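The values are calculated or read from the model by the stated rules, or taken from the named source; none is laboratory data. Being a predicted model, the structure only gives us computed values, none of them experimental. Cβ placement follows ideal geometry from the backbone for every residue including glycine, while neighbour counts extend to all protein chains displayed. Protein only, heavy atoms only, side chains kept; ligands, DNA and RNA dropped before computing areas. Shrake-Rupley method; radii C 1.70, N 1.55, O 1.52, S 1.80 Å.
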Amino acid sequence: MSNSNQSEHSGRIHKPGSKLGRTALVQSALIAANYSPYLKRFYERVKARRGAGKAIIALARKFLGIIYRTLKNTWVFEDFPNFVLAESA
C-alpha cells in the first residue's frame, strides 16, 4: 500500500499465484454480490466506469479484503447482506 498526499493505492491482483485460488475468489465474489446489496452497488458503480471485466476483478479484491478483515478480527456476521456483526456474548 502506498500513500501520496490524499490518495491511497493498494496492490493489485496479479498473475503469479494460484490460478485455482483466483478463480475461486472471483466466483465467490460474484455469488456474494447476488446476496449483498453493498457488493452489488460497488460492482455496478465500477462496471459503469471501467467495464465488466475490471469490475469483476475489483469486486474480488474488495471481497478478499472483507474476508481478510473478518478472519483477522474474528468477526461473526449475523446478517451478511447488510454487514451486521453479531453481538459479543
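Observations, loosely collected:
- On the beta carbon distance between D79 and K19, with R0 = 35 Å, the FRET formula returns roughly 0.60.
- Solvent exposure of segment 20-89 as accessible area per residue, Å², 1.4 Å probe: 71
- Extending 7 Å from the Cα toward the beta-carbon at both A86 and L64 defines two label points whose distance is 2.8 nm.
- 23 Å Cα-Cα reach of K72 towards lysines, excluding residues that sit fewer than 8 places from it in its own chain: K62
- Shape category assigned to segment 29-89 from the gyration tensor of Cα positions, a/c cut at 1.5: prolate
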